[in-house]
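Reviewing the structure listed below.
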Number of protein chains: 4
Amino acid sequence: MEETTNQSNAKETSRLEAFSDGVFAIAITLLVLELITTLHAENGSGLIQTCLDHWQSFLAFTIGFVTIMVCWVNHHVAFDYIKKIDTKLIWINGFLLFVVTLTPFPTAILAEYLAKEGTTALAFFGFNYILISVAADSICTYAYNHHLIAETNREYYYSYKLIYRYALFYVLIAFAICFISVVAAITMYALLFAVFAAPKEFASRVHKIRERKRKNRIKRRKQ
Amino acid sequence: MEETTNQSNAKETSRLEAFSDGVFAIAITLLVLELITTLHAENGSGLIQTCLDHWQSFLAFTIGFVTIMVCWVNHHVAFDYIKKIDTKLIWINGFLLFVVTLTPFPTAILAEYLAKEGTTALAFFGFNYILISVAADSICTYAYNHHLIAETNREYYYSYKLIYRYALFYVLIAFAICFISVVAAITMYALLFAVFAAPKEFASRVHKIRERKRKNRIKRRKQ
Amino acid sequence: MEETTNQSNAKETSRLEAFSDGVFAIAITLLVLELITTLHAENGSGLIQTCLDHWQSFLAFTIGFVTIMVCWVNHHVAFDYIKKIDTKLIWINGFLLFVVTLTPFPTAILAEYLAKEGTTALAFFGFNYILISVAADSICTYAYNHHLIAETNREYYYSYKLIYRYALFYVLIAFAICFISVVAAITMYALLFAVFAAPKEFASRVHKIRERKRKNRIKRRKQ
Amino acid sequence: MEETTNQSNAKETSRLEAFSDGVFAIAITLLVLELITTLHAENGSGLIQTCLDHWQSFLAFTIGFVTIMVCWVNHHVAFDYIKKIDTKLIWINGFLLFVVTLTPFPTAILAEYLAKEGTTALAFFGFNYILISVAADSICTYAYNHHLIAETNREYYYSYKLIYRYALFYVLIAFAICFISVVAAITMYALLFAVFAAPKEFASRVHKIRERKRKNRIKRRKQ
């Protein structure tokens, strides 16, 4: 059994990725159903007026799409480094998928309650984002601690892991701020999306800063 | 044609897995649609009140998610060992997929009838779980009896097959118990989920116990 | 460019299969949504009564599932032999996918109109099955005529192609018969499902009969 | 890390393709839900009358299916040439997926408003097609400019890239024309579908014309 372990691991990783990809793809596509229901709400007004009346639905669709897409990009990069999986990682990933499948729900809340109860609606969305961040942080930390990544990438992966720890604190603050100002919180989420749209580039920058600091420390010691 | 059989089998297995993964992924993601419909039930109360009123929907979503996820994890492990497929296995697997695609239905029943008709709602869910167990048991038994697994794993796979036979009797008992006590039945399902969340680890433990017993038997004979 | 053709073809085939698998998996899973809507039809009666009232929905779900599953099994076997694809095959396959994505519609018709307008409802379903048969026949004939299958399998594939031609005539007759007797037509479809559940075995049997006839012909000529 | 780049790129490309395939497959299959809702609109008339009353829904389903299918075929061909991906391409592709997941919405608009507000409904659909064209053009241009395709295919890919630039101008004109004549615009879209159903063949033809022109130019210079 031992000699087939490597191959078996590769197969396992790819099936977990395929299943996760399926969940991401469906969750992101189901968002449109909420948009279509706006058409069914017969109110006598014309097509353009109906669409203008439901501008929050379009905004929510876009926010929901970007949320899940950013999530997929980060999942994709994280599993590029992960070479082995075990039962615990499957379930930590399962928790991430749980939150991803849930995401169309806070998105629908945004669409229907953003105008009426902005703060509460955004708090639901923010809470969802806290759960996503907890899941992302757990996946990276677990993979790092249990040596499920290639040893050659270990040092770099530490920086990668770090950015999800930062993100977790960031979304906790954004959640709190939404009770003070909805606009400020939305700006914070937009900024988060912009940075985590390119997790590799962000992690590289963090990695370079860490490397520079380490070299400086060594230099100082030598002096 | 003979020389390409092995490769062809590998391709067939992976397509069956890919198709099954698709079905699992969609069934698990469709659960959220039932959650979203709760938002559409306009009843004049605020967002938080609406969510609190539908706590069963959230519970049902979680139960449905865990059910399908546990099912996927076990399917994933089972097909890790299965190296060949034939038409009968495709259809036994097809029966499993039938029950998986059906699962959002008893989940929706839980969401809408748990408060009103708890026993009947749980009985529907329990019946669904009996069907899942029959399918899981059939896949493992068929693959074992028709030598569709690698010969080197045969002894170990027997233990693996055994736990699904146990599970089948367990869910039959849980089904009966739900007519006596809903809480007791839910506890039994929670325990089942906990054990089958890690089927490899569970099968390994069963395998070790069987090995120890076998050695003891041999020892006794030698004495 | 020439040297990479083989590899590129393999990649193309697998992407076409993956996309088709996705469509099959989703179409088969969407069927449950029609089942769930029966729960939302509040009519004051209890859960069991509601389910009994909608027995046609359960029958339709089963028929729809078996239809798409049989379709997938046959698609799976057909593409096991197909080694190359071209733009025309993509579009013939696209026509099959069109009918597969459409299938939940006649299934929903069966669920809602089988009791009220049995003949018309079954005619819709039968028309859908004619389209599926045309698509299946076209894929096999096109792949055979344009040498998209391995040459070594060519003789065998002819028998395989033959069974879809038979099937096409069969479903045309079943469609006509449904206007005379709904029960007779349903029996014909059940028989069709039973035979095409194992297309490889059916094609092999047809192939053996053809081989025997050919040998007899050669024998007779020699005499 | 450098030596694993090629393999890692192949894996990344295939995961992006798998995720995109999932999104395409779901978007194309969700279209049927809009068809099924027509059945639920109880109006007392029989099944055939109900279907005849909703002929626009069937037309819209067909148009939506062909739109997404053409889109998939072109995505499939484009990524056949793309050998590397980077974060920017993931997001350009993400924009394409955004429009693809959105497509069931203008399709539903066509179904419900084609008879009532033909011009506006078609304008929504046309705007959606402009977005698709912008995305397709961006993917090809970015891949070409950033050398993400194999160098051997570079010259040919230029022709390929060219047809999407043409298409972009074409759909802009079609969008404008729909305000003058709905029938003329629909004819233009049908023509576009016919040509882009076989993007490889179309690009080859454009490539041959370009080659002939180039040779003529060289000849003239020599004279």
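The values are calculated or read from the model by the stated rules, or taken from the named source; none is laboratory data. Just so you know, these numbers come straight off a predicted model, no measurement behind them. Neighbour counts are summed over all protein chains in view; Cβ atoms, including those assigned to glycine, are modelled from backbone coordinates with ideal geometry. Protein only, heavy atoms only, side chains kept; ligands, DNA and RNA dropped before computing areas. Shrake-Rupley method; radii C 1.70, N 1.55, O 1.52, S 1.80 Å.
Just one of A:173, A:132 is free of Cβ contacts under 8 Å to residues at least 24 places away in the same chain, in a helix (DSSP H, G or I) and either out of contact with any Leu (no Cβ under 6 Å at 6 or more places or on another chain) or on the phi > 0 side of the Ramachandran plot (or both); which is it? Spell out how you get there, then give the answer.
On the way: A:132 fails: free of Cβ contacts under 8 Å to residues at least 24 places away in the same chain.
From the options A:173, A:132, the qualifying one is A:173.
Among the residues of region A:97-119, what is the count of those that are open to solvent by 30 Å² or more (accessible area, probe 1.4 Å) and either touching a Cys at 6+ places or on another chain (Cβ under 8 Å) or in a helix (DSSP H, G or I) (or both)?
Of all residues in region A:97-119, those open to solvent by 30 Å² or more (accessible area, probe 1.4 Å) come to A:98, A:112, A:114-117, A:119.
Filter once more, keeping what is either touching a Cys at 6+ places or on another chain (Cβ under 8 Å) or in a helix (DSSP H, G or I) (or both): A:98, A:112, A:119.
Here the count works out to 3.
Can you pull out the residues in region A:123-159 that are closer than 21 Å to residue A:208 by Cα and of a type in the set (Val, Ile, Thr)?
Hits for region A:123-159 are A:141, A:149, A:152.
Go through region B:120-141 and give me each residue that's aliphatic (A, V, I, L, M) and surrounded by 20 or more Cβ atoms within 10 Å (Cβ to Cβ). Full working, then the answer.
Going residue by residue through region B:120-141, those that are aliphatic (A, V, I, L, M) are B:121-123, B:130-132, B:134-136, B:139.
Within region B:120-141, B:121, B:122, B:123, B:132, B:135, B:136, B:139 qualify.
Considering only residues of region D:77-96 that are touching a His at 6+ places or on another chain (Cβ under 9 Å) and in a helix (DSSP H, G or I), which is nearest to the other protein chains (Cβ to nearest Cβ)? Please lay out each step first, then the result.
Taking region D:77-96 as the starting set, the residues that turn out to be touching a His at 6+ places or on another chain (Cβ under 9 Å) are D:84, D:86, D:88-90, D:93, D:96.
From the residues that got through so far, the ones that are in a helix (DSSP H, G or I) too are D:88-90, D:93, D:96.
Details: D:88: 8, D:89: 11, D:90: 6, D:93: 10, D:96: 11 Å.
Within region D:77-96, the match that is nearest to the other protein chains (Cβ to nearest Cβ) is D:90.
Quickly run through region C:180-197 and pick out the residues that are within 14 Å of chain B (Cβ to nearest Cβ), assigned to a helix (DSSP H, G or I) and buried (at least 16 other Cβ atoms within 10 Å of the Cβ). Give the steps one after another, and end with the answer.
Let us first name the residues in region C:180-197 that are within 14 Å of chain B (Cβ to nearest Cβ), namely C:193-197.
Okay, now just the ones that are also assigned to a helix (DSSP H, G or I), so C:193-196.
The answer is C:195, C:196.
Filter region B:142-170 down to the residues that are in contact with a Leu (Cβ under 9 Å, 6 or more places away or on another chain) and loosely packed, with under 15 Cβ neighbours inside 10 Å and list them by number. It would help to see each step written out before you state the result.
The first filter runs over region B:142-170 and keeps only residues in contact with a Leu (Cβ under 9 Å, 6 or more places away or on another chain), leaving B:142-143, B:146, B:148, B:167, B:170.
Once the filter is applied, which keeps residues that are in contact with a Leu (Cβ under 9 Å, 6 or more places away or on another chain) and loosely packed, with under 15 Cβ neighbours inside 10 Å, region B:142-170 yields only B:146.
Looking at residue C:57, is it within 30 Å of residue B:60 (Cα to Cα) and either open to solvent by less than 20 Å² (accessible area, probe 1.4 Å) or of a type in the set (D, E, K, R) (or both)? I'd like the intermediate steps shown before the answer.
Numbers: within 30 Å of residue B:60 (Cα to Cα): yes; either open to solvent by less than 20 Å² (accessible area, probe 1.4 Å) or of a type in the set (D, E, K, R) (or both): yes.
Answer is yes for this residue.
Considering only region A:128-164, how many residues are among the basic types (Lys, Arg) and touching a helix residue (DSSP H, G or I) at 6+ places or on another chain (Cβ under 7 Å)?
Step one: filter region A:128-164 for residues among the basic types (Lys, Arg), giving A:154, A:161.
Of the ones still in play, those that are also touching a helix residue (DSSP H, G or I) at 6+ places or on another chain (Cβ under 7 Å) are A:161.
Of the residues in region A:128-164, 1 are among the basic types (Lys, Arg) and touching a helix residue (DSSP H, G or I) at 6+ places or on another chain (Cβ under 7 Å).
Can you name every residue in region B:101-152 that is polar (S, T, N, Q) and within 14 Å of chain C (Cβ to nearest Cβ)?
Applying the first criterion (polar (S, T, N, Q)) to region B:101-152 yields B:101, B:103, B:107, B:119-120, B:128, B:133, B:138, B:141, B:145, B:152.
Answer for region B:101-152, where residues must be polar (S, T, N, Q) and within 14 Å of chain C (Cβ to nearest Cβ): B:101, B:103, B:107, B:119, B:120, B:128.
Could you figure out which of (1) surrounded by fewer than 23 Cβ atoms within 10 Å (Cβ to Cβ); (2) within 11 Å of chain D (Cβ to nearest Cβ); (3) part of a helix (DSSP H, G or I) isn't true of residue C:70?
Looking at each condition in turn, residue C:70 falls short on (2).
Name the residues in region D:19-41 that are facing another protein chain (nearest Cβ under 7 Å) and small (Gly, Ala, Ser), would you?
Across region D:19-41, the qualifying residues are D:22, D:25, D:27.
Scan region A:97-110 and tell me whether some residue there is more than 16 Å from the chain's Cα centre (by Cα), free of Cβ contacts under 8 Å to residues at least 60 places away in the same chain and farther than 24 Å from residue A:25 by Cα. Show your work before the answer.
If we filter region A:97-110 for residues that are more than 16 Å from the chain's Cα centre (by Cα), which is where we start, we get A:108-110.
From the residues that got through so far, the ones that are free of Cβ contacts under 8 Å to residues at least 60 places away in the same chain too are A:109-110.
Okay, now just the ones that are also farther than 24 Å from residue A:25 by Cα, so none.
Among the residues of region A:97-110, not one is more than 16 Å from the chain's Cα centre (by Cα), free of Cβ contacts under 8 Å to residues at least 60 places away in the same chain and farther than 24 Å from residue A:25 by Cα, which makes the answer no.
Within region D:19-39, is even one residue of a type in the set (Ser, Thr, Tyr), modelled with pLDDT of 85 or more and farther than 24 Å from residue C:94 by Cβ? Full working, then the answer.
Step one: filter region D:19-39 for residues of a type in the set (Ser, Thr, Tyr), giving D:20, D:29, D:37-38.
When the remaining residues are screened for being modelled with pLDDT of 85 or more, the result is D:20, D:29.
Narrowing further to those that are farther than 24 Å from residue C:94 by Cβ: none.
Within region D:19-39, none of the residues are of a type in the set (Ser, Thr, Tyr), modelled with pLDDT of 85 or more and farther than 24 Å from residue C:94 by Cβ.
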